[in-house]
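Novice: Pasting in a structure now, in structure tokens, and then I'll have a few things to ask.
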Amino acid sequence: MIKSADDGCLLVAGGELDPNLTRLIEVAKSQGVRVCELRHGQEDSPQFSWHLTQGKPRIKDRVVSATGAFIRYDVFGHLSYPKSGASKRASGWYQTLYGWLLSQPDIRLFNRQHLPAVGNKPAMLLLAQQSGLLVPDTLITNEAEELGKYSMGNAIAKPVAGGDFCYSLEELYSSVNFRNGCAAMPAIVQNRLVAPEIRIYIVGDSAFAFEVRSQHLDYRVKPDAEIIPLTTVPEEVELLRKFMATLKMDFGAADFKTDPKTNQLVFLELNSSPMFVRFDIEVNGSLCEAMIQTLIA
């Protein structure tokens, strides 16, 4: 007999190695929230079937039913097992489950109606500027001649599509093979900013701000950054909310660094599915609690 999962539960979907999902589940259970997990592993995957015109999906012998859902694309499986087909598995599960969630308007889901510009770094920078946020002086190019116009030490480079760290322009030059004066693909080149570096999370009506202290140009390079919760969210949060409203987003994390000439915070990027576990630990679960309450309240 197929049983129905409890309504009112929080569905958490993604890879079983994702520490962000593990943290969210732990906090939810500590708050007495019913959780329905649908996480795929590297060796085994859950039993799952969904007949599109005949009702809800089922996991094993239980129909999937939830008030709210949180889903993340699994990048950790590929990092841990790069030759196991984890990337293809992650894509298959994400598209399946996200497709179902998008088709269920009664299930609360972050960023359900977000615009196509979300996730496109050049578009996001221009839209952020139009919303009143300061953005870095930015050039997108693959031309060695254009890159040569920058003074070494005063610029950084990062991939247009994301998926890699931020590098100094010197590092870009040493790692890229220019052919006929051009690199294989464009990079985002920006003026170099300085500390303090600030991350602001928007979760529905809530906002959380943190200072990130690191000796590295990109704090994600090594897990040694110091995360410091801020008692006051910087005033840029109001422009950030305006920007996110334009994009039809109700959840995300924006990164800012400081212009050394003006000491003003400059917007770098907005992530619609950010990692949050280390930040949540620093505020004793308050970030996860806000996520859970927004999804199931």
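Novice: Using the alpha-carbon atoms, what tilt in degrees (0 to 90, nearest 10) does helix 86-102 show relative to the longest principal axis of the chain?
Specialist: Approximately 70 degrees, to the nearest 10.
Novice: Next question. At a 1.4 Å probe radius, which order do 40, 114 fall into by accessible area, largest first?
Specialist: Numbers: 40 5, 114 65 Å².
Ranked list, largest accessible area first: 114, 40.
Novice: Over all directions, what mean area does the Cα convex hull of the chain project, stated in square nanometres? Walk me through the numbers on the way to the answer.
Specialist: On the way: hull surface 69.7 nm².
Mean projected area for the chain: 17.4 nm², to one decimal.
Novice: Residue 242: which aspartates and glutamates have alpha carbons under 20 Å from its alpha carbon, excluding same-chain residues fewer than 8 sequence positions away?
Specialist: Those aspartates and glutamates meeting the cut-off are 205, 250, 255, 269.
Novice: Another question, then. At 222 nm, what value in deg cm²/dmol follows for the chain if DSSP H runs of at least 4 each add -39500 (n - 2.57) and the sum is divided by all its residues, to the nearest 500?
Specialist: On the way: 9 runs with 84 residues, N = 297.
Taken over the chain, the calculation gives -8000 deg cm²/dmol.
Novice: Quick one: if the Förster radius is 25 Å, what FRET efficiency do residue 34 and residue 275 give, using the C-beta to C-beta distance and rounding to 0.05?
Specialist: That gives a FRET efficiency of 0.50.
Novice: List the residues of the stretch 259-297 whose backbone N lies under 17 Å from a point placed 7 Å from the Cα of residue 205 along the Cα-to-Cβ direction.
Specialist: Backbone N within reach: 287, 289-297.
Novice: Compute the angle between helix 19-30 and the longest alpha-carbon principal axis of the chain, please, reported from 0 to 90 degrees and rounded to the nearest 10.
Specialist: Taking the Cα atoms of the chain, the angle to 19-30 is about 50 degrees.
Novice: If a/c stays under 1.5 just call it rounded; otherwise compare a/b with b/c (prolate if a/b is bigger, oblate if not). Do that for the stretch 63-178, with a ≥ b ≥ c from the square roots of the Cα gyration tensor eigenvalues. All intermediate terms of the calculation are to be shown ahead of the outcome.
Specialist: Working: a/c = 3.61, a/b = 1.67, b/c = 2.16.
Cα axes put the stretch 63-178 in the oblate bin.
Novice: How many angstrom lie between the C-alpha centres of the stretch 18-72 and the stretch 219-248?
Specialist: Cα centres, the stretch 18-72 to the stretch 219-248: 28 Å.
Novice: Simple spin-label model, 7 Å along Cα-to-Cβ: residue 126 to residue 286 in nm?
Specialist: 3.8
Novice: Let me ask you something else. Kindly state, to the nearest 0.05, the FRET efficiency for residue 178 paired with residue 87, given R0 = 35 Å and r defined as their beta-carbon distance.
Specialist: On the way: r = 29 Å, r/R0 = 0.82.
The value I calculate is 0.75.
Novice: I've got another one for you. Averaging sequence separations of C-alpha pairs under 8 Å and six or more residues apart, then dividing by the length of the chain, give the relative contact order as a whole percent. Could the numbers behind the result be given before it?
Specialist: On the way: 523 pairs, mean separation 54.4, N = 297.
In percent, rounded to a whole number, it is 18.
Novice: Mark the label point 7 Å from the Cα of residue 161 along Cα→Cβ and return the residues of the stretch 126-152 whose backbone N is within less than 17 Å of it.
Specialist: Residues 141-142 qualify, since their backbone N sits under 17 Å from the label point.
Novice: On a 0 to 90° scale, report how tilted helix 236-247 is relative to the longest principal axis of the chain, with both axes built from alpha carbons and the result rounded to the nearest 10.
Specialist: Helix 236-247 and the main axis of the chain meet at about 60 degrees.
Novice: Follow-up. Between residue 170 and residue 138, what is the label-point separation in nm under the 7 Å Cα-to-beta-carbon projection?
Specialist: Between residue 138 and residue 170, the simple spin-label model gives 2.6 nm.
The values are calculated or read from the model by the stated rules, or taken from the named source; none is laboratory data. Every value quoted in this text rests on a predicted model; they were computed, and no experiment measured them. Cβ: placed from backbone, ideal geometry, glycine included. Neighbour counts: every protein chain shown. Each accessible area value is taken on the protein alone, full model and side chains, heavy atoms only, with ligands, DNA and RNA left out. Shrake-Rupley method; radii C 1.70, N 1.55, O 1.52, S 1.80 Å.
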